[in-house]
Every structure is written in structure tokens, then in C-alpha cells.
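Colleague: Structure provided below as C-alpha cells; questions to follow.
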Amino acid sequence: MQMVKIPISIAPARAALKRMTYDGIIVKSEFVRIKEVATVLDDHINVTIECGIDAQNLVVIKGNAAANLELVCQRCGTGLKTHISTEFAFTPVNVSAEESDERIPDAYEEIELNEFGEVSLVELIEDELMLALPIVAMHELKDCQLKETDMTFGELAPEATEEKKSNPFDVLKKLKN
Ligand SMILES: [Zn+2]
């Protein structure tokens, strides 16, 4: 099956009226910001997008994206393979919002159109993927290159603090010393 490239930007209102759906890819070179924090392992990221108008007459762009990445383990500094996925539902704030007094449902993330009445799908999806990244990239202890025995005393590894349910102020004392 031929891979379809997701358009870089779309005009949401038009796409919604046509009920456009996309099941395709974004090549990894488009994701400039992710590249700064992770290595994207596949040549492309799979994305599905569905455009439509909901019961409240709002334009909605929803879909999902998933990527295989290699991050750097914060404990041992070697590669950490990880899979991230995200689901999203956007609604442009300046389309039909004025005609409706109804509140925009919380399930939707509000997006702004650019001067051409379009949104950049690549940017939106990259934002979502960035949010899906783990806050701290770290191997499971059993997979980590740096074993517990190698850890220097006083280092703040989460496992070390879990092991002994000590007074949190002890940790502060250690930091001060
Ligand atoms: Zn590690």
C-alpha cells in the first residue's frame, strides 16, 4: 500500500465540510523540535486525521499519532527506546464560535488559524507528541546500564528514595552537605 503524506497544513472549515479523513504519514524530518530531544527511529510517523462538524456545529479535527523514539536515559546516558502515542481533538476558535453562545467542550483543544485561514498539522501534531514524551527518560532499573550498586551515595535516583521511606528532609540535608 502506498503511503500517503499528511498535508502540512489544512483549512479546517473546508476540510470539515468535505469530511476529509487522512490515514498517512509525516516524514520525520518535518519534526524539528522532537529531533532536538530524541532520535526518531522510523522514517516516518503514522498519523490519522478525521475532519468534521459536531452536533454543536463546531469544526473538529481529531485523530492520533504514534512514534518510536530513542531518548537518552537520564541515569546512565545510553539510548532508551520508547513508544509514544497521542490522541487529539482540535477546534479552531475563530470559526463559527461567534455564532454560537455555547461553550467549547473541554474535550477539544482550541487552535488558532493563521492569516490564510489554515492550521499547520505538522506543528499541531509535533506539539502533541512533545507533550507525550516522558518527563524524565529513564530505563527500568533492570535494563539500565548503571546498576544500583554503581550509584554514588547521595545521588537522587527515584529507586533509592523509594527503597527507604525516609524523611524527605533527610534528602535535603544530603543535598546541603
Ligand atoms: Zn539507563
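The values are calculated or read from the model by the stated rules, or taken from the named source; none is laboratory data. Nothing here was measured: the structure is a model prediction, and the numbers come from that model. All Cβ positions, glycine included, derive from the backbone under ideal geometry; neighbour counts span all protein chains shown.
Colleague: State all residues of segment 25-69 that are surrounded by 17 or more Cβ atoms within 10 Å (Cβ to Cβ) and assigned to a helix (DSSP H, G or I); if no residue qualifies, say none.
Modeller: K28, E30, I34
Colleague: Any chance you could count how many residues in segment 1-20 are surrounded by fewer than 13 Cβ atoms within 10 Å (Cβ to Cβ) and either touching a residue at least 12 places away in the same chain (Cβ under 8 Å) or within 20 Å of the chain's Cα centre (by Cα) (or both)?
Modeller: Residues in segment 1-20 being surrounded by fewer than 13 Cβ atoms within 10 Å (Cβ to Cβ) and either touching a residue at least 12 places away in the same chain (Cβ under 8 Å) or within 20 Å of the chain's Cα centre (by Cα) (or both): 5 in total.
Colleague: If you don't mind, there's one more thing I want to ask. Could you tell me whether any residue of segment 154-170 is in a loop (DSSP other than H, G, I, E, B), among the aliphatic types (A, V, I, L, M) and either at pLDDT 95 or above or in contact with a Cys (Cβ under 8 Å, 6 or more places away or on another chain) (or both)?
Modeller: no
Colleague: Filter segment 115-141 down to residues that are exposed (fewer than 12 other Cβ atoms within 10 Å of the Cβ) and away from the ligand (no atom under 16 Å from the Cβ) and give me whichever is nearest to I8 (Cα to Cα).
Modeller: Checked segment 115-141; the qualifying residue nearest to I8 (Cα to Cα) is F116.
Colleague: Is it the case that K81 is part of a strand (DSSP E or B) and surrounded by fewer than 16 Cβ atoms within 10 Å (Cβ to Cβ)?
Modeller: The answer is yes for K81.
Colleague: Between R103, R75, which is part of a loop (DSSP other than H, G, I, E, B), of a type outside the set (S, T, N, Q) and either at pLDDT 90 or above or within 16 Å of the ligand (Cβ to nearest atom) (or both)?
Modeller: The conditions single out R75.
Colleague: Mind checking whether some residue in segment 49-72 is among the charged types (D, E, K, R) and within 30 Å of H139 (Cα to Cα)?
Modeller: Yes, there is a match, as at least one residue in segment 49-72 is among the charged types (D, E, K, R) and within 30 Å of H139 (Cα to Cα).
Colleague: Can you find even one residue in segment 3-15 that is under 27 Å from A137 (Cβ atoms), out of contact with any helix residue (DSSP H, G or I) (no Cβ under 8 Å at 6 or more places or on another chain) and of a type outside the set (V, I, T)?
Modeller: The answer is no, given that none of the residues of segment 3-15 is under 27 Å from A137 (Cβ atoms), out of contact with any helix residue (DSSP H, G or I) (no Cβ under 8 Å at 6 or more places or on another chain) and of a type outside the set (V, I, T).
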